[in-house]
Amino acid sequence: MKKDGHTHTEYCPHGTIEDVEVCIQKAIQLGFTSYSLTEHAPLPKEFIATCGGQLSIIEECAMAAHDLDHYFAKGQKLQKKYASEIQIELGFELDYLPGFESYTRDLLAEYHPLISDGLLSVHFLPGVDGIRCIDLSAADYQAGIVAHYGSFQAAQKVYYQTILASIEADLGPYKPKRYGHLSLCQKFQHAFDEETSFHPDSQQLIQKSLHRIAASHAELDLNTAGLFKPDCLEIYPSEWIRQQAAQLTIPTVYGSDTHALADVGRGYQEARPYLVAH
Ligand code: ZN
Ligand code: FE
């Protein structure tokens, strides 16, 4: 089985995919036998109202609520059309939004009959002028997040506190069982002229998180997008986390995090040594 467990579609406002069907055809050509459509679940309006930075960019972080039914209809159509060639899974990359747990539970409860896979990710942290998206650009991460906490490692610690909270969060019976790109806080690491390695405080939070993940039989997204980001140049999660996770035999699932046709299948060979099966 060759699976891509983390991909986006034309319903992602910040990607360049025109029709996910072409991505699926490419995945079939590359020998994938399973392909999960995991579009960013819509953000509640009340959440966007708490955000700082450029709001037009925050609004582009996730699928629009009015696209939900179109997204699932398209996914179901493709599931049937390609059933003999590839198994298409359908679901969300959900954001962990502290304070909006009931919104998330309700969304999952409404769509769970159509959902067969998915991830839970942290893309937002409190920062300058409100909640900020942490993976826009190095300059935005510096101005909106690192400046707010005082150092790269101080921001990193808050990211891992939030990861732990996401693992412990009660998102109901349909909570995704895979955690997305568990070192997204390192995306711009090489752009910073200061210490960016895992601080002992972060290491402790990571250990605790991994033990919780192992105990709940959850999985990690082995996400190759970071390999191709010039300020990151590594797979998410970072090597040290992968080593700790391997000791706990936490299953990992390759994720291309495809946002463009060219992304389909990328980094699979690099990720392969770190694939841990169930
Ligand atoms: Zn995206
Ligand atoms: Fe993500």
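Each reported figure results from applying straightforward, stated rules to the coordinates on display, with no laboratory input. If you're wondering where the values come from, they're calculated on a predicted model, not measured in any experiment. When we count neighbours, we look across all protein chains shown, and the Cβ atoms used for this are built from the backbone with ideal geometry, even at glycine.
Between the alpha-carbon centres of segment 15-49 and segment 207-235 there is a gap of 19 Å. Helix 200-215 axis versus longest C-alpha principal axis of the chain: approximately 30°, rounded to the nearest ten.
Relative to the first principal axis of the alpha-carbon coordinates of the chain, what is the inclination of helix 20-29, with its axis defined by its Cα atoms, in degrees from 0 to 90 and to the nearest 10? Once rounded, the angle reads 80 degrees. At q = 0.12, 0.15 Å⁻¹ the log10 of I(q)/I(0) for segment 25-147 amounts to -0.53, -0.76, computed by Debye summation with a single uniform scatterer per C-alpha, solvent ignored. What separates the Cα centres of segment 71-105 and segment 140-168 is a distance of 28 Å. Ignoring lysines fewer than eight residues from LYS74 along the same chain, the ones with Cα atoms less than 24 angstrom from its Cα are LYS2, LYS3, LYS26, LYS175, LYS177.
Sorting 159-168, 242-251 by their mean Cβ neighbour count within 10 Å, with the most densely packed peptide first, gives 159-168, 242-251. Compactness of segment 96-191, taken as the C-alpha radius of gyration over 2.2 N^0.38 Å, stands at 1.17.
Counted over the chain, the DSSP beta bridges are approximately 15% antiparallel.
Give me the percent of Cα-Cα pairs in segment 123-278 that sit more than 22 Å apart, rounded to a whole number. That fraction is 41 percent.
I'm checking a number: the convex hull volume of the Cα atoms of segment 1-43, normalised per residue, in Å³. What is it?
62 Å³
For the peptides 193-201, 224-232, 97-105, residues were scored by their other Cβ atoms within 10 Å and the scores averaged per peptide; the highest-first order is 224-232, 97-105, 193-201. Based on the Kirkwood radius over alpha-carbon pairs, what value in µm²/s does the Stokes-Einstein equation return for the translational diffusion coefficient of the chain at 10 °C and 1.306 mPa s? For these conditions, the coefficient is 84 µm²/s. Pairwise alpha-carbon distances in segment 173-224 exceed 18 Å for 44% of all pairs.
DSSP beta bridges fully contained in segment 71-203 are about 40 percent antiparallel. Straight-distance candidates among the aspartates and glutamates for linking to LYS80, with alpha-carbon spacing under 15 Å and chain neighbours fewer than 8 residues away dropped: GLU21, GLU89.
For segment 113-160, just run the numbers: alpha carbon Rg, then divide by 2.2 N^0.38 Å, N being how many residues it has.
Values: Rg = 13.3 Å, N = 48, 2.2 N^0.38 = 9.6 Å.
Output field value: 1.39.
Once you have the Kirkwood Rh of segment 200-278 from its Cα pairs, apply Stokes-Einstein at 37 °C and 0.692 mPa s and quote D in µm²/s.
Diffusion coefficient, whole number: 251 µm²/s.
In a reduced charge model with +1 at each Lys and Arg Cβ and -1 at each Asp and Glu Cβ, the chain shows a dipole moment near 800 debye about its Cα centre.
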